[in-house]
1. Quick one: in the range 106-125, which of the residues that are assigned to a helix (DSSP H, G or I) and more than 14 Å from the chain's Cα centre (by Cα) is nearest to residue 49 (Cα to Cα)?
2. Among the residues that make up the range 86-94, is at least one of them among the aromatic types (Phe, Trp, Tyr), at pLDDT 95 or above, surrounded by 14 or more Cβ atoms within 10 Å (Cβ to Cβ) and farther than 21 Å from residue 108 by Cα?
3. Would you point out the residue of the range 37-63, among those that are free of Cβ contacts under 8 Å to residues at least 40 places away in the same chain and not charged (D, E, K, R), that is surrounded by the fewest Cβ atoms within 10 Å (Cβ to Cβ)?
Amino acid sequence: MKHHALEQLQIVSQIDQDYPRQTMLRSERLERWAMVLERDPDRRLSTLYQSEYQPARQRAAMRSEGSPISVAFEDPVLRATGLKNDTYGEARRFFELSDLQLHRVVCYCHFGAEVSAGMAAYNVRKAIAGRHKGLLAWLRDILDR
């Protein structure tokens, strides 16, 4: 085996960031997000202000430094799997969440200006378990708030 200094390899190599693109199931992506959040469950994360009242285009572009979504974007595994940025719309697409599910993780109206990473992880895990709920389960969730 021939050894090279890192500087030598960087000169001759070309790295394709898209190859190989990892694939994960929706539940695996959400589980990874919850796990990343749970690394520091007491960390205070910023929320998104009144996401439910924003027009769809503005809501999709919403972001906040230090939000649960930006924690996901900091993770190299989730980025390698296809998370492109830390906006609301990208999180909704990448994690295959409904507006209601993502709203429960990141919205100001549930937590105020900040949410603990542990609480955000709890709500991400609820999304794993409850993707296709019936009307009664949906009503129960509404009343439990």
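The values are calculated or read from the model by the stated rules, or taken from the named source; none is laboratory data. Keep in mind it's a predicted model, so treat the numbers as computed, not measured. Glycine also receives a Cβ, built like all others from the backbone with ideal geometry; neighbour counts cover every protein chain displayed.
1. 108
2. yes
3. Once the filter is applied, the top-ranked residue is 55.
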